[in-house]
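The values are calculated or read from the model by the stated rules, or taken from the named source; none is laboratory data. Predicted, not measured: the structure shown is a model, and the values here were computed from it. All Cβ positions, even for glycine, are placed from backbone atoms using ideal geometry, and neighbour counts span all protein chains on display.
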Amino acid sequence: MPDVLIERRPTPDTSLPIFSETDPVLARIYAARGIESLDRLGRTLHELLPDAGLQGLDAAVERLVPAVTGNEPVLVVGDFDCDGATSTAVAVLGLRMMGAGRVDYLVPNRFEYGYGLSPEIVEVAAQQEPRLLITVDNGISSIDGVARANELGLDVIVTDHHLAGRELPAACAIVNPNQPGCDFIAKSTCGVGVIFYVLIALRRALQAQGWFQGRTPPNLASLLDLVALGTVADVVALEHNNRVLVHQGLQRIRAGQTRPGIRALIEVSGRRQERLVASDLGFALAPRLNAAGRLEDMSIGIECLLCDDWDRALELARTLDDLNRERRGIEQEMQQQALSSLERLSLDEHSLPMGLCLYDEGWHQGVIGILASRIKDRVHRPVIAFAPGDGDEVKGSARSIPGFHIRDGLDAIAAQNPGLVSKFGGHAMAAGLTLDTANLGRFSDAFDAEVRRQLDQGALQRRLLTDGALTAAELNLELAERLREGGPWGQQFPEPLFDGEFALLQQRIVGQRHLKLVLMEPASGLALDAIWFNVDTLSWPDESAQRVRVVYRLDVNEFRGQRNLQLMVEYLEIIP
């Protein structure tokens, strides 16, 4: 593991209003994240940003209104990850709620058609004879696919959030907060958030035309459970607008106002619906949905989300759970192969390539994204994992670290080496690409060179930013509960981390890969249960360790009806 630097957030100004509005620990945490008052926390729907400035929205609504009122056949073209699945479900359900009578969906199988609205998937779509195609969570790079749709007389509305290339597709409307010239403030809105905004504007336009006369306009807030799930799963920044969407969605789920499919996913995940938090969406529900797109067909996941029947939803959720177990097995085998490859290089972490490319002809296309993420976490540098693609191609999935914008890095490599990269797309921290197999070695060198151009060795040091220490009096179940409810926590609004020195009383390996600990707060003698997941079991337990510095989160451990405080260890180092 790279050297870890533990840093504490600066002490906030205690004269801020928030210090008189909540307890000192929460106030300190919120203030360190830029929240100066509780009314800026992002909890109520009236805080949701208006859609002013969302470029392309008016054109999209102008085309959608006649599609709904004229009963035109509409086909939603989705993506094969959780954001894509929830975006598809929101689009289909929302349009049907508006009164559109002929709405269906199509999601490309990643192994047959790849990502986005390709010309090939347009040919498949045309067989259903739609008049209008709506892309969700994709389309901004589908130049050829939109051109083919236009040739076939199909209108296309692109809704997406990924970064645009040098050319935009010739769609009748493009709604994407990250397209050039768009003034919408919330650039971190993901695919499901974008289509949710489109539906809000469409409802407003239909209402102005009297379309809902004699009946109540649809309550789009009923879709917020799906919006919350997709937003957390896509690991976008939980800035103010996204926190509103996620908090409102979680509140609906906890209150039982959620779709059978989400309720079924919660059940097979072993979570409690009334206590669900954002991390449960990201680490329990989302992987089960993503497993369908990684191993088989995301249609299974979308059907689970759309399903109105509980028994059918539970059956689909169990299928997704089985797929996720299979995915985990494949991933663990691939990860071990990757780590063995690194060890065979006989290199220490400081002499590894700064931009690391890994390939094995036996690796599974659907799992290389997770593999890249796991290896990136371990060696703390940008990583691309490749697997065999179609014919003479390889498919790559890239994950990055702070300071290196992976999509822009790929763009620079492609510009400097014409023909080297067949296609690519993505955003700052994750991207996908396709290469000819023969170009893999040359690309690996170019990737390492580009990372070295942008980063120095200091960027490869893992940094843990904490909220400081807790006193013995603060190490209690009540604070853990308040922190649990204090979110939603997520990307760029991180869950609180604390650090402190403890005496190590007990340690043992559980579940083969986890370290169960009993720590003692030295000033008070308070004994605390702790667990460190996925520890390097070759290095632990270290029987000589007596004092340790620990970076941890507070958590509530529920077992047989008992609720107790538990420290979730993020990092631990021995104090000599």
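With the requirement that a residue be farther than 26 Å from GLY486 by Cβ and either at pLDDT 95 or above or surrounded by fewer than 20 Cβ atoms within 10 Å (Cβ to Cβ) (or both), what does the range 515-525 give you? So that I can check it myself, show each step before the final result.
Of all residues in the range 515-525, those farther than 26 Å from GLY486 by Cβ come to 515-516, 518, 520, 522, 525.
Once the filter is applied, which keeps residues that are farther than 26 Å from GLY486 by Cβ and either at pLDDT 95 or above or surrounded by fewer than 20 Cβ atoms within 10 Å (Cβ to Cβ) (or both), the range 515-525 yields LYS516, VAL518, MET520, PRO522, GLY525.
Quick check on ARG463: is it modelled with pLDDT of 95 or more, over 30 Å from GLN179 (Cα atoms) and surrounded by fewer than 20 Cβ atoms within 10 Å (Cβ to Cβ)?
So ARG463 does not fit the description; no.
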Residues LEU206, LEU224: which one is at pLDDT 95 or above, under 22 Å from ASP58 (Cβ atoms), in the same structural domain as LEU57 (by TED's automatic domain parsing) and not charged (D, E, K, R)? LEU206
Of all residues in the range 2-38, which are acidic (Asp, Glu) and modelled with pLDDT under 90? ASP3
Looking at the range 116-125, can you tell me whether even one residue there is β-branched (Val, Ile, Thr), closer than 16 Å to ALA149 by Cα, buried (at least 16 other Cβ atoms within 10 Å of the Cβ) and in contact (Cβ under 8 Å) with a residue 24 or more places away in the chain? yes
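Based on this model, can you work out whether VAL277 counts as of a type in the set (A, V, I, L, M), touching a helix residue (DSSP H, G or I) at 6+ places or on another chain (Cβ under 7 Å) and within 24 Å of HIS427 (Cα to Cα)?
Values: of a type in the set (A, V, I, L, M): yes; touching a helix residue (DSSP H, G or I) at 6+ places or on another chain (Cβ under 7 Å): yes; within 24 Å of HIS427 (Cα to Cα): no.
Answer is no for this residue.
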Hey, among the residues in the range 142-162 that are out of contact with any Gly (no Cβ under 8 Å at 6 or more places or on another chain) and in contact (Cβ under 8 Å) with a residue 60 or more places away in the chain, which one's surrounded by the fewest Cβ atoms within 10 Å (Cβ to Cβ)? ASP155
From the options GLU558, GLU570, GLU478, GLU495, residue that is closer than 26 Å to VAL232 by Cβ, exposed (fewer than 13 other Cβ atoms within 10 Å of the Cβ), among the charged types (D, E, K, R) and modelled with pLDDT of 90 or more: GLU478
Residues of the range 259-283 satisfying the condition of being in contact (Cβ under 8 Å) with a residue 60 or more places away in the chain and among the β-branched types (Val, Ile, Thr): VAL277
What number of residues within the range 57-68 satisfy the criterion of being surrounded by 15 or more Cβ atoms within 10 Å (Cβ to Cβ) and closer than 25 Å to GLN128 by Cβ? 8
Check ILE174 against each of (1) over 28 Å from the mean Cα position of the chain (by Cα); (2) surrounded by 15 or more Cβ atoms within 10 Å (Cβ to Cβ); (3) farther than 24 Å from LEU305 by Cβ and name the one condition it does not meet. (1)
Working only within the range 398-422, note down all residues that are buried (at least 17 other Cβ atoms within 10 Å of the Cβ), out of contact with any helix residue (DSSP H, G or I) (no Cβ under 7 Å at 6 or more places or on another chain) and under 18 Å from TYR359 (Cβ atoms). ILE406, LEU410
Determine whether ILE6 is touching a helix residue (DSSP H, G or I) at 6+ places or on another chain (Cβ under 9 Å) and among the aliphatic types (A, V, I, L, M). no
So GLY425, is it in the same structural domain as VAL367 (by TED's automatic domain parsing), under 29 Å from ALA233 (Cα atoms) and small (Gly, Ala, Ser): yes
Those residues of the range 195-243 which are in contact with an Asp or Glu (Cβ under 7 Å, 6 or more places away or on another chain) and either under 12 Å from HIS161 (Cβ atoms) or buried (at least 24 other Cβ atoms within 10 Å of the Cβ) (or both), in sequence order: TYR197, GLY230, ALA233, ASP234
Unique residue being outside any strand (DSSP E or B), over 20 Å from PHE80 (Cβ atoms) and touching a residue at least 60 places away in the same chain (Cβ under 8 Å) when the list is GLY165, GLY139: GLY165
Could you count how many residues in the range 332-363 are surrounded by fewer than 19 Cβ atoms within 10 Å (Cβ to Cβ), at pLDDT 85 or above and under 26 Å from ASP445 (Cα atoms)? 6
Considering only residues of the range 8-41 that are touching a residue at least 60 places away in the same chain (Cβ under 8 Å), under 27 Å from the mean Cα position of the chain (by Cα) and over 17 Å from LEU465 (Cα atoms), which is surrounded by the most Cβ atoms within 10 Å (Cβ to Cβ)? LEU41
With respect to the numbered conditions (1) within 16 Å of the chain's Cα centre (by Cα); (2) in a helix (DSSP H, G or I), which one is the sole condition not fulfilled by ALA398? (2)
All-but-one check, GLY487 against (1) loosely packed, with under 15 Cβ neighbours inside 10 Å; (2) in contact with a helix residue (DSSP H, G or I) (Cβ under 6 Å, 6 or more places away or on another chain), failing number (1)
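Per-residue answers, yes or no, for (1) within 20 Å of ASN219 (Cα to Cα); (2) crowded, with 22+ Cβ neighbours inside 10 Å; (3) touching a residue at least 24 places away in the same chain (Cβ under 8 Å); (4) over 28 Å from the mean Cα position of the chain (by Cα):
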site	(1), (2), (3), (4)
ARG43	yes, no, yes, no
GLY70	no, no, no, yes
SER87	yes, yes, yes, no
VAL92	yes, yes, yes, no
Looking at the range 200-213, can you tell me whether even one residue there is touching a residue at least 12 places away in the same chain (Cβ under 8 Å) and within 18 Å of LEU238 (Cα to Cα)? no
